[in-house]
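In what follows, a structure is listed as structure tokens, so that the remarks can point back to it.
The values are calculated or read from the model by the stated rules, or taken from the named source; none is laboratory data. Worth saying up front: this structure is predicted, and the values here are computed from it rather than measured. Reconstructed Cβ throughout: ideal geometry from the backbone, glycine too, with neighbour counts over all protein chains shown. These accessible areas exclude ligands, DNA and RNA; they are computed on the full protein's heavy atoms, side chains included. Shrake-Rupley method; radii C 1.70, N 1.55, O 1.52, S 1.80 Å.
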Amino acid sequence: MPAEQWAAYDWQGRAITRHRTEIRTASGFRAGTEEDQERLAEWLAAELCTRAERKVDKELNAELKKIRGKDAMLLRVAEAALSEPSGMVRRVIYPVVGGERTLKALAAEAAANEARSS
């Protein structure tokens, strides 16, 4: 159907009512009833709720798998590295984190996070 005809079609008049009836008859369908609407609404609600529950369960399970207390662990590691920065710490840890200043910032952030979660 050309776009011009589509745009010119009377979507509010008697023709659309007749055409809908013809299309339903030709395809073996009937007009929807209030009961159909209620059943559809119930099905959608059940389907959407089930999917939403599965999604929430999946997210909660992923959250539970996260390491608990990692801010406290990170804080203890950072504090230990900062308290004895010679040798291995200076050669291994500082280069990985970007130096002593960054490690101090990480320790401060971990301490703040630990304080908030306590």
Those residues of region 97-118 which are open to solvent by 50 Å² or more (accessible area, probe 1.4 Å) and at positive phi, in sequence order:
98
Somewhere in region 34-51, is a residue modelled with pLDDT of 80 or more, out of contact with any Cys (no Cβ under 6 Å at 6 or more places or on another chain), loosely packed, with under 10 Cβ neighbours inside 10 Å and at positive phi?
no
Residues of region 4-28 satisfying the condition of being of a type in the set (Phe, Trp, Tyr) and surrounded by 10 or more Cβ atoms within 10 Å (Cβ to Cβ)
9
Does at least one position in region 82-96 carry a residue that is assigned to a helix (DSSP H, G or I), surrounded by 10 or more Cβ atoms within 10 Å (Cβ to Cβ) and of a type in the set (Ser, Thr, Tyr)?
yes
Of (1) more than 30 Å from residue 111 (Cα to Cα); (2) in a loop (DSSP other than H, G, I, E, B); (3) open to solvent by less than 70 Å² (accessible area, probe 1.4 Å), residue 1 fails just (3)
